[in-house]
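S.K.: Input: one structure, supplied below.
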Amino acid sequence: MRILFSILTLVAFQAHATIDSVDYTTTTVCEGSQTTFTSTSVVSGGATITNWNWDLDADGQFDDAFGPSIGFQFNAPGVYNVGLQIITDMDPPAAIYKLITVNPVPVANFTAPDVCEGSSSALADASTIATGSNVNWEWDLDNDGLYDNATGSLIAHNFITPGSYVVGLQVTSDQGCQSTTTQNVTVDPMPTVAFSVSEVCLGDQTELTAVTSVSSGVVSDFDWELNGNGFFDDASGAIITNQFSADGDYQVGLQVTSDQGCVIDTFQLVTIAPFPFVGFSFDNACQNNSVQFTNLTNNIVGSITYGWTFGLEGTSTESNPAFTFTSAGPAQVELIGLTSFGCADTLTQTLQVYPSPEADFTATEVCFGQTNQFTNETDPKGSTISNYDWFFGDGNQGFGTDPNHEYFTADSFLVTLVAHTTDNCRDTTEHYVHVWALPTPEITADGPVGFCEGEDVTLTVNPNGNPTLWSTGEITQSITVDTTGLYEVLITDEHGCLGETQILVYSWLLPQLTISNDTSISLGENVPLWVQGANFYDWDPATYLDDPTSSNPTSIDPKESITYTVTGSDLNGCFSTIGVDIEVIVDYNLKPVNLFTPNGDGTNERFYVGNIDCYSDCVLKVYNRWGLEVYSSNAYKNDWTGDFNEDPLPDGTYYYIIECDGREDRFDGAVTILR
């Protein structure tokens, strides 16, 4: 038995059923598209769904598909009754039926007429749908399979370059159903257009030639606009001719059409040019002298080129040329002027070329300070010389046939001579004239040019001249001198120019020293010395001297006879030496004091014997007035303070005896102690 259910679900449950609900969902259902059915049924009480059985043809049998989610395609639009039955492991089966609407799919289509390059293609939707309506249009303009380049039922797109383009349209209905389509859109190439113009001189038949092309197809029509009214109806054809009535500028247009109907035009300014009027003038013509030609051509439209012919001697294309004729006599000069429009005119004139002189001269070469002499050697060549102009190259100018000139610097000067004839012809020549610089010798010395008497210095001159002459009469490059004087040298270079220089040499006298006399002293005495005649002194040896660099040092207590040699030097570094002898006599020259005061005040506390340190092992014995020995020392060191057995002796007079090793005599006397 077939049981039909409406969208309100009829479900039969047993008294203790554990099936809470039987239901399912669907994706968008479009004709010819896969629809997905997904169960949303719910059970409880520990039950588990074991089977999902589907009835897709409404025959009451759940045997068309199985599973919790299935896919199915409806091939025609309409309303379909679709049922789901579930079976659990605890309950009897339960089922539900729903009415499913299958929506029609749009039939995508659009129109796209052919366009010419540079124009936008109008793409218009022409899609249809059985029921409902189309609500969205998406375009694929770059053939990448993505409909993301434009939206809308009518769009315009410029494909920029000619060709065939695949365009896609995706249409979506108000039920979400989609369809797509593609078409080839054609963009026809635009022709290129230009034209060339020839024969544009006034009175000529001007030829206009179309210059055009198209990448596909052919250019089929050529229409011209010649009278400035804006209509291309004055002539037709790829090549036409036209005679313009007056010179001037004409705006000429050409419109071309391809066999695909693409039209393009261009306008170009065409100049109809008049013929030029050629003319020229010239200066006086002299053989071998530049003749200046002045171009007087007028009535020029556009640019112009010139062609000059100077008899049989040469040509030029300059506007205002200068030309030198090498032959005297008449010469035919022709000028042709040709404008950039091809319009030409010609003029020929005769000019007389007068003979020119041949200027030349010689000059002496001199040393600086001398005068150059110039000798004119100009050949008049049959003409008559009227005057000479000299330019000496140092800013000065001269006249006359054979001038003289003195230069104030040594250098090479470019001298110019211009010879003029009575026919106003001239010739110029240039020669370098040399004014040689005087040699500048330099004297070098192999040592100081100020030296002390007895020394010498070698003087050398550079460069070495030929010859070299010293004020001493010597002719060598080097000389040796030992006396004060001004030494001059004169050299001659390869040009015969003389140069001289000098150097001052000083020979300083040695210091004249005077020294103190030789002397004899007793051992232990000081000897004052002196020396004079120099600025600085150095005594040798420095033994016993208090200042060996002084002019009056003292020899302090010399222990033996000695000879001092002193070297005295002056401010120039010159020096002399002199000596002095000191004889030291060992004559027992002791000098005991006769009174000392050992009272503890730090003054005169000991019995002092002068010069006792000059003798070795001197024995001192001291006695009182009764002959009692109160002090004795075998090597007295000036250290007795008037004590006897560590007790102070009383004030009074005491007597001493001094005996030293190596002496047979003795030294005795009396000393007073006063406390």
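The values are calculated or read from the model by the stated rules, or taken from the named source; none is laboratory data. All of these numbers come straight from a predicted model, not from anything done at the bench. Quick reminder, even Gly has a Cβ in these numbers, built from the backbone with ideal geometry, and neighbours come from all protein chains shown.
S.K.: Of all residues in region 114-150, which are polar (S, T, N, Q) and within 26 Å of P77 (Cβ to Cβ)?
M.R.: Here is the first cut: in region 114-150, the residues polar (S, T, N, Q) are 119-121, 127-128, 131, 133-134, 136, 143, 149.
Those that are polar (S, T, N, Q) and within 26 Å of P77 (Cβ to Cβ): S127, T128, T131, S133, N134, N136.
S.K.: Right, next: Within the bounds of region 297-309, is there any residue that is more than 18 Å from S340 (Cα to Cα) and touching a Gly at 6+ places or on another chain (Cβ under 9 Å)?
M.R.: Initial filter on region 297-309 (more than 18 Å from S340 (Cα to Cα)): 309.
Pick out the ones that are also touching a Gly at 6+ places or on another chain (Cβ under 9 Å) and you get none.
No - not one qualifying residue is present in region 297-309.
S.K.: Follow-up question, since we're still on this one. Please identify the pairs in which a residue from region 521-538 that is small (G, A, S) has its Cβ atom under 7 Å from the Cβ atom of a residue that is exposed (fewer than 15 other Cβ atoms within 10 Å of the Cβ), counting only partners at least 6 apart or on another chain.
M.R.: Close Cβ pairs (under 7 Å, with a partner that is exposed (fewer than 15 other Cβ atoms within 10 Å of the Cβ)) amount to S522/I585; S522/D587; G524/G610; G533/Q512; G533/T514.
S.K.: What's the total number of residues in region 88-97 that are touching a Phe, Trp or Tyr at 6+ places or on another chain (Cβ under 9 Å) and buried (at least 17 other Cβ atoms within 10 Å of the Cβ)?
M.R.: At the first step, the residues of region 88-97 found to be touching a Phe, Trp or Tyr at 6+ places or on another chain (Cβ under 9 Å) are 91-97.
When the remaining residues are screened for being buried (at least 17 other Cβ atoms within 10 Å of the Cβ), the result is 91, 94-97.
Qualifying residue count, region 88-97: 5.
S.K.: Okay, moving on. Looking for something buried (at least 18 other Cβ atoms within 10 Å of the Cβ) and within 30 Å of P189 (Cβ to Cβ) - is there at least one such residue anywhere in region 98-109?
M.R.: yes
S.K.: Still on this model: When you go through G337, G342 one by one, which is the residue that is surrounded by 13 or more Cβ atoms within 10 Å (Cβ to Cβ), of a type in the set (G, A, S) and in a strand (DSSP E or B)? Steps first, please.
M.R.: Numbers: G342 fails: in a strand (DSSP E or B).
Just one listed residue meets the conditions, G337.
S.K.: For region 290-304, which positions are within 21 Å of S327 (Cα to Cα) and aliphatic (A, V, I, L, M)?
M.R.: Hit for region 290-304 is V291, nothing else.
S.K.: Further, regarding this structure: Given the condition surrounded by 18 or more Cβ atoms within 10 Å (Cβ to Cβ) and assigned by TED's automatic domain parsing to the domain that holds S196, answer yes or no: does some residue in region 231-240 qualify? Quick ask: steps written out before the conclusion?
M.R.: Initially, region 231-240 is screened for residues surrounded by 18 or more Cβ atoms within 10 Å (Cβ to Cβ), giving 232, 240.
Next, only the ones that are assigned by TED's automatic domain parsing to the domain that holds S196 stay: 232, 240.
Within region 231-240, one or more residues are surrounded by 18 or more Cβ atoms within 10 Å (Cβ to Cβ) and assigned by TED's automatic domain parsing to the domain that holds S196.
S.K.: Right, next: Kindly indicate which of T401, T348, T384, T371 is among the polar types (S, T, N, Q) and assigned by TED's automatic domain parsing to the domain that holds T315. Outline the logic, then answer.
M.R.: Values: T401 fails: assigned by TED's automatic domain parsing to the domain that holds T315; T384 fails: assigned by TED's automatic domain parsing to the domain that holds T315; T371 fails: assigned by TED's automatic domain parsing to the domain that holds T315.
The conditions single out T348.
S.K.: Collect the residues in region 426-443 that are modelled with pLDDT of 95 or more and surrounded by 20 or more Cβ atoms within 10 Å (Cβ to Cβ), keeping them in residue-number order.
M.R.: Those that are modelled with pLDDT of 95 or more and surrounded by 20 or more Cβ atoms within 10 Å (Cβ to Cβ): V433, V435.
S.K.: Which of the residues belonging to region 616-639 are under 21 Å from G524 (Cα atoms) and part of a loop (DSSP other than H, G, I, E, B)?
M.R.: S616, D617, N634, A635, Y636, K637, N638, D639
S.K.: Next up: Does region 73-82 include one or more residues that are touching a Leu at 6+ places or on another chain (Cβ under 7 Å), surrounded by 19 or more Cβ atoms within 10 Å (Cβ to Cβ) and under 30 Å from V43 (Cα atoms)?
M.R.: Residues of region 73-82 touching a Leu at 6+ places or on another chain (Cβ under 7 Å): 79, 81-82.
So of that shortlist, the ones also surrounded by 19 or more Cβ atoms within 10 Å (Cβ to Cβ) come out as 82.
Within this subset, residues satisfying the condition of being under 30 Å from V43 (Cα atoms) are 82.
Yes.
S.K.: A further question follows. Kindly check whether there is at least one residue in region 143-156 that is assigned by TED's automatic domain parsing to the domain that holds G67 and out of contact with any strand residue (DSSP E or B) (no Cβ under 7 Å at 6 or more places or on another chain). Can you show your working first?
M.R.: If we filter region 143-156 for residues that are assigned by TED's automatic domain parsing to the domain that holds G67, which is where we start, we get none.
Within region 143-156, none of the residues are assigned by TED's automatic domain parsing to the domain that holds G67 and out of contact with any strand residue (DSSP E or B) (no Cβ under 7 Å at 6 or more places or on another chain).
S.K.: In this structure, is D57 over 28 Å from T18 (Cα atoms), acidic (D, E) and surrounded by fewer than 19 Cβ atoms within 10 Å (Cβ to Cβ)?
M.R.: On the way: over 28 Å from T18 (Cα atoms): yes; acidic (D, E): yes; surrounded by fewer than 19 Cβ atoms within 10 Å (Cβ to Cβ): yes.
Taking the combined requirement at face value, the residue satisfies it.
S.K.: Still on this model: Consider region 40-59. How many of its residues are in a loop (DSSP other than H, G, I, E, B) and not hydrophobic (A, V, I, L, M, F, W, C)? First the steps, then the outcome.
M.R.: Pass one, region 40-59, residues in a loop (DSSP other than H, G, I, E, B): 40-41, 44-48, 56-59.
Retained after the next criterion (residues that are not hydrophobic (A, V, I, L, M, F, W, C)): 40-41, 44-46, 48, 57, 59.
Qualifying residue count, region 40-59: 8.
S.K.: Quick check on region 321-333. Is at least one of its residues among the polar types (S, T, N, Q), farther than 30 Å from Y432 by Cα and either assigned to a loop (DSSP other than H, G, I, E, B) or touching a Pro at 6+ places or on another chain (Cβ under 9 Å) (or both)? So that I can check it myself, show each step before the final result.
M.R.: Here is the first cut: in region 321-333, the ones among the polar types (S, T, N, Q) are 324, 326-327, 332.
Next, from what is left, pick out any that are farther than 30 Å from Y432 by Cα: 332.
Filter again for either assigned to a loop (DSSP other than H, G, I, E, B) or touching a Pro at 6+ places or on another chain (Cβ under 9 Å) (or both), leaving none.
Looking for residues that are among the polar types (S, T, N, Q), farther than 30 Å from Y432 by Cα and either assigned to a loop (DSSP other than H, G, I, E, B) or touching a Pro at 6+ places or on another chain (Cβ under 9 Å) (or both), one finds none in region 321-333, hence no.
S.K.: Another question about this same structure. Looking at region 455-472, can you tell me whether even one residue there is within 54 Å of the chain's Cα centre (by Cα) and aromatic (F, W, Y)?
M.R.: No, the conditions are met nowhere in region 455-472.
S.K.: What number of residues within region 249-274 satisfy the criterion of being among the small types (G, A, S) and either surrounded by 21 or more Cβ atoms within 10 Å (Cβ to Cβ) or farther than 24 Å from V193 by Cβ (or both)?
M.R.: Of the residues in that region, 2 qualify.
S.K.: Mind listing whichever residues of region 203-230 are surrounded by 13 or more Cβ atoms within 10 Å (Cβ to Cβ), over 60 Å from the mean Cα position of the chain (by Cα) and on the phi > 0 side of the Ramachandran plot?
M.R.: Correct list: G203 only.
S.K.: Among the listed residues F62, F37, which satisfies the condition of being touching a strand residue (DSSP E or B) at 6+ places or on another chain (Cβ under 6 Å), crowded, with 18+ Cβ neighbours inside 10 Å and assigned to a loop (DSSP other than H, G, I, E, B)? Show your work before the answer.
M.R.: Values: F37 fails: assigned to a loop (DSSP other than H, G, I, E, B).
Among F62, F37, only F62 is touching a strand residue (DSSP E or B) at 6+ places or on another chain (Cβ under 6 Å), crowded, with 18+ Cβ neighbours inside 10 Å and assigned to a loop (DSSP other than H, G, I, E, B).
S.K.: Can I ask one more? From P541, P598, grab the single residue that is within 30 Å of Y615 (Cα to Cα) and outside the structural domain of K637 (by TED's automatic domain parsing).
M.R.: On the way: P598 fails: outside the structural domain of K637 (by TED's automatic domain parsing).
Just a single option satisfies the conditions, and that option is P541.
S.K.: Also, I was wondering about something else. Quick one: what pairs do we get from region 137-163, first residue closer than 28 Å to T192 by Cα, second of a type in the set (S, T, Y) and in a strand (DSSP E or B), C-beta under 6 Å, 6+ apart or different chains?
M.R.: H157/S121; F159/Y165
S.K.: Something else: What's the total number of residues in region 275-305 that are free of Cβ contacts under 8 Å to residues at least 24 places away in the same chain and surrounded by 19 or more Cβ atoms within 10 Å (Cβ to Cβ)? Spell out the reasoning first.
M.R.: Start the filter on region 275-305 by keeping residues that are free of Cβ contacts under 8 Å to residues at least 24 places away in the same chain, which leaves 281, 283, 296, 298.
Still in the running and surrounded by 19 or more Cβ atoms within 10 Å (Cβ to Cβ): none.
Total satisfying the criteria: 0.
S.K.: Out of (1) under 30 Å from G652 (Cα atoms); (2) touching a strand residue (DSSP E or B) at 6+ places or on another chain (Cβ under 7 Å); (3) outside any loop (DSSP other than H, G, I, E, B); (4) among the charged types (D, E, K, R), the odd one out for D613 is which?
M.R.: Against the list (1) under 30 Å from G652 (Cα atoms); (2) touching a strand residue (DSSP E or B) at 6+ places or on another chain (Cβ under 7 Å); (3) outside any loop (DSSP other than H, G, I, E, B); (4) among the charged types (D, E, K, R), D613 comes up short only on (2).
S.K.: Filter region 552-569 down to the residues that are in a loop (DSSP other than H, G, I, E, B) and at pLDDT below 95, then identify the one that is surrounded by the most Cβ atoms within 10 Å (Cβ to Cβ).
M.R.: Taking region 552-569 first, the residues in a loop (DSSP other than H, G, I, E, B) are 552-553, 556-561.
Now restrict to residues that are at pLDDT below 95: 556-561.
On the way: I556: 12, D557: 16, P558: 21, K559: 13, E560: 11, S561: 13.
Per the stated criteria, the residue is P558.
S.K.: Mind listing just one residue for me: the one in region 630-645 that is farther than 14 Å from R606 by Cα and hydrophobic (A, V, I, L, M, F, W, C) and, of those, surrounded by the fewest Cβ atoms within 10 Å (Cβ to Cβ)?
M.R.: In this case the residue turns out to be A635.
S.K.: Could you check region 341-377 and list, in sequence order, the residues that are within 24 Å of Q292 (Cβ to Cβ), polar (S, T, N, Q) and in contact (Cβ under 8 Å) with a residue 60 or more places away in the chain?
M.R.: Across region 341-377, the qualifying residues are T346, Q349, Q352, S356.
S.K.: A follow-up question, please. Return yes when P380 is touching a residue at least 40 places away in the same chain (Cβ under 8 Å) and within 30 Å of L335 (Cβ to Cβ) and no when it is not. Explain how you work it out, then say what you get.
M.R.: On the way: touching a residue at least 40 places away in the same chain (Cβ under 8 Å): yes; within 30 Å of L335 (Cβ to Cβ): no.
The answer is no for P380.
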